[in-house]
Amino acid sequence: MLSVRVMGSRHNNRQANELRPIRFTRNYLDSALGSCLVEFGGTKVLCAASIEPTVASWLRGSGKGWVTAEYAMLPASTPTRTKREVFGLKGRTQEIQRLIGRSLRAVVDLGLMNEMTMTVDCDVLQADGGTRTAAICGAWLAMRDGFSTWEQAGKLSTSPIVDQVAAVSLGMVDGRLLLDLDYQEDSRAELDMNLVVNGSGEYVEIQGTGERTGFDRHQLEALLDLASPALEHLLALQKQAGH
């Protein structure tokens, strides 16, 4: 069994259990039904919500709507230019936007959407680790405001959102368990994990990957314990930003 260590400062002077500075800026775009610029330290993701009054053919006549997400990294979001995915999405991009979509649908009653489609676009303006988890946090606020705008316009009788959703990344670097990894840490992590929870603290999704080593149940439980206070804090920050 590998030892579990969580104490001590990091290269960026954060403690092992410390989040980077978090900021949510709602209504960042005038043209979107709902939008949010979310910042986790150097990571910045712009989330924008739009609604179309239609659904895919397999949902027509069901009375249900759909929530989906799209994710992209802008070319200048990384030190070396990231090429636009013009001729098809990479596997990583598809996996991330499916994760965001699943996370959002977990807290929406699709039966209240009257056959409309909510799409939240998550564009990474600057990437410094944890882009997918930051996107989930910002996407929930953008989606909430988008549904609120539609409701105020009389196109929805009530918002279909039934709960919050937030996410955080964590992992093990040099044998130490760390919360909210930046790129320098993430790029050499022995294991990576992304946790998504709803407003009650129930897990919506757990993604854990041993990059250079496996991990046991003891380490898994230590990671969950490490993330729990941070996720509560993120949910509280969302509430504050939503007022």
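Taking R81, is it under 21 Å from L110 (Cβ atoms), charged (D, E, K, R) and surrounded by fewer than 16 Cβ atoms within 10 Å (Cβ to Cβ)? Walk me through it before giving the result.
Numbers: under 21 Å from L110 (Cβ atoms): no; charged (D, E, K, R): yes; surrounded by fewer than 16 Cβ atoms within 10 Å (Cβ to Cβ): yes.
When the stated conditions are applied, R81 does not pass them.
Within region 50-94, count every residue that is of a type in the set (D, E) and at pLDDT below 95. Before the answer, list the steps.
Our first condition is that a residue be of a type in the set (D, E); within region 50-94, this holds for 52, 70, 85.
Then keep just the ones that are at pLDDT below 95; that gives 85.
Result for region 50-94: 1.
Restricting the search to region 199-243, which residues are charged (D, E, K, R) and farther than 29 Å from F24 by Cβ? Break it down stepwise before answering.
First pass over region 199-243, keeping only residues charged (D, E, K, R): 202, 205, 211-212, 216-217, 221, 225, 232, 239.
Selection gives E211, R212, D216, R217, E221.
Would you please name the residue that is surrounded by the fewest Cβ atoms within 10 Å (Cβ to Cβ), looking only at residues in region 113-144 that are in contact with a helix residue (DSSP H, G or I) (Cβ under 8 Å, 6 or more places away or on another chain) and acidic (D, E)?
E115
Just wondering, is there one or more residues in region 38-47 that are surrounded by fewer than 16 Cβ atoms within 10 Å (Cβ to Cβ), modelled with pLDDT of 95 or more and out of contact with any helix residue (DSSP H, G or I) (no Cβ under 6 Å at 6 or more places or on another chain)?
Of the residues in region 38-47, the ones surrounded by fewer than 16 Cβ atoms within 10 Å (Cβ to Cβ) are 42.
With modelled with pLDDT of 95 or more added as a condition, the list becomes 42.
Cutting the leftovers down to out of contact with any helix residue (DSSP H, G or I) (no Cβ under 6 Å at 6 or more places or on another chain) gives us 42.
Yes, the conditions are met somewhere in region 38-47.
Mind listing just one residue for me: the one in region 7-37 that is out of contact with any helix residue (DSSP H, G or I) (no Cβ under 6 Å at 6 or more places or on another chain) and aliphatic (A, V, I, L, M) and, of those, surrounded by the fewest Cβ atoms within 10 Å (Cβ to Cβ)?
Across region 7-37, the extreme among qualifying residues is M7.
Mind listing whichever residues of region 70-94 are of a type in the set (S, T, Y), out of contact with any Ser or Thr (no Cβ under 7 Å at 6 or more places or on another chain) and closer than 26 Å to I51 by Cβ?
Quick first cut of region 70-94, residues of a type in the set (S, T, Y) only: 71, 77-78, 80, 82, 93.
Applying the additional criterion that residues be out of contact with any Ser or Thr (no Cβ under 7 Å at 6 or more places or on another chain) yields 77-78, 80, 82, 93.
Residue satisfying the conditions is T93 alone.
Would you check which residues across region 173-213 are closer than 14 Å to R132 by Cβ, in contact with a Gly (Cβ under 7 Å, 6 or more places away or on another chain), part of a strand (DSSP E or B) and of a type in the set (A, V, I, L, M) and list them?
M193
Within region 34-67, can you find the residues that are part of a loop (DSSP other than H, G, I, E, B) and over 18 Å from G130 (Cα atoms)? Don't jump to the end; show me each part of the working.
So in region 34-67, the residues part of a loop (DSSP other than H, G, I, E, B) come out as 41-42, 53-56, 60-65.
Those that are part of a loop (DSSP other than H, G, I, E, B) and over 18 Å from G130 (Cα atoms): P53, T54, V55, A56, R60, G61, S62, G63, K64, G65.
Could you grab me the full set of residues in region 186-209 that are surrounded by 15 or more Cβ atoms within 10 Å (Cβ to Cβ) and at pLDDT 95 or above? Before you say what the answer is, go through the steps one by one.
Filtering region 186-209 down to residues surrounded by 15 or more Cβ atoms within 10 Å (Cβ to Cβ) leaves 186, 189-199, 204-205, 207-208.
Passing the criteria: M193, N194, L195, V196, V197, N198, G199, V204, E205.
From T131, T117, T149, grab the single residue that is among the polar types (S, T, N, Q), under 20 Å from the mean Cα position of the chain (by Cα) and within 17 Å of V67 (Cα to Cα). Can you show your working first?
Values: T131 fails: within 17 Å of V67 (Cα to Cα); T149 fails: under 20 Å from the mean Cα position of the chain (by Cα).
So the residue among T131, T117, T149 that is among the polar types (S, T, N, Q), under 20 Å from the mean Cα position of the chain (by Cα) and within 17 Å of V67 (Cα to Cα) is T117.
Only one of (1) surrounded by 24 or more Cβ atoms within 10 Å (Cβ to Cβ); (2) without any contact (Cβ under 8 Å) to a residue 40 or more places away in the chain; (3) assigned to a helix (DSSP H, G or I) is not met by F147, so which one is it?
Single failed check for F147: (2).
Could we say that T93 is polar (S, T, N, Q), outside any helix (DSSP H, G or I) and either closer than 16 Å to A166 by Cα or without any contact (Cβ under 8 Å) to a residue 60 or more places away in the chain (or both) here? Steps first, answer last, please.
On the way: polar (S, T, N, Q): yes; outside any helix (DSSP H, G or I): no; either closer than 16 Å to A166 by Cα or without any contact (Cβ under 8 Å) to a residue 60 or more places away in the chain (or both): yes.
The answer is no for T93.
The values are calculated or read from the model by the stated rules, or taken from the named source; none is laboratory data. All figures in this text were calculated on a predicted structure; none of them were measured in a lab. Note: ideal-geometry Cβ built from the backbone for every residue, glycine included; neighbour counts use all protein chains shown.
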